[in-house]
1. Before I look further, what does the chain give for accessible area per residue, probe 1.4 Å, in whole square angstrom?
2. Using the alpha-carbon centroid of each, what span in Å lies between region 31-98 and region 162-186?
3. Mean residue ellipticity at 222 nm from the helices of the chain, using -39,500 (n - 2.57) per DSSP H segment of n ≥ 4 over the full residue count, to the nearest 500 deg cm²/dmol?
4. Report the one residue of 136, 97, 162 whose Cα lies farthest in the direction of the positive end of the charge dipole of the chain (charges on C-beta: Lys and Arg +1, Asp and Glu -1; origin at the Cα centre).
5. What figure in square angstrom, to the nearest 10, would you give for the accessible area of residue 5 with a 1.4 Å probe?
6. Rank 50, 12, 109 by mean-square fluctuation in a GNM of the chain with C-alpha springs under 10 angstrom and give only the top-ranked residue.
7. What whole-number volume per residue, in cubic angstrom, does the convex hull of the C-alpha atoms of region 1-91 give?
8. Would you grab the residues whose amide H sits under 5 Å from the one on residue 16? Only those 5+ places off in sequence or on another chain, please, with H modelled 1.01 Å from N.
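The values are calculated or read from the model by the stated rules, or taken from the named source; none is laboratory data. The shown structure was predicted, so the numbers you read here are calculated from the model rather than taken from an experiment. Positions of Cβ are generated from backbone atoms using ideal geometry, with glycine treated the same way; all protein chains shown enter the neighbour counts. To get the accessible areas, we keep the full protein, side chains included, count just its heavy atoms, and leave off ligands, DNA and RNA. Shrake-Rupley method; radii C 1.70, N 1.55, O 1.52, S 1.80 Å.
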Amino acid sequence: MMKQLARFVFWITGWKVAGAWPKDLKKAVMIAIPHTSNWDLLYARAAFYIMDVPVRFTIKKEVMVGPLGWFIGALGGISIDRKKVAGKRKQTYTEAMVDMLNKADELVIMVTPEGTRSYAKRWKSGFYHVAMGANVPVVIGFLDYKKKQAGIGPVIYPNGNMDEQIEEMKAYGRTVTGKYPDQGIR
């Protein structure tokens, strides 16, 4: 049902999907770029339903209660429980996501590396550490409001040269236009 609803949303708004999910890729971290609007989740989620990409996104366990929790879960939200680990410290989001990916047979976790809808000179690097820790690639998911396209871009395998690889991802992000371009990747 969600796939049909997503197709209807794209048909009514004139959006199209672009690119394709790599056939044999079962686990990955997907970065959704550029993230400049609350509308990004609607278009990204619809595109990935249409493309049969089993994308999920993380959210604090405390939010996943009642009707809101059910709705977020239906969209692909998975709760992060930052329970205490050895040494009596809380588990980080990065550690929790690495653990999820390592335990799953199939899982694609979507994150926004900017960490905000506003312009961010420096991206948060947790997504890269998650990919390295779980030994999975980073897949670029994109929204181009100018072309009304949502889809899949390059697949990047982390090699430890984080700054160089993040710059490569940003370079790709500069080729697409966010809803609010002045808040996008520069």
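1. 55
2. Rounded to whole Å, the Cα centres lie 22 Å apart.
3. Helix contribution divided over all residues of the chain: -10500 deg cm²/dmol.
4. It is 97, whose Cα lies furthest towards the positive end.
5. Solvent-accessible area, nearest 10 Å²: 90 Å².
6. 12
7. Measuring per residue, one finds 140 Å³ for the Cα hull of region 1-91.
8. 149, 150
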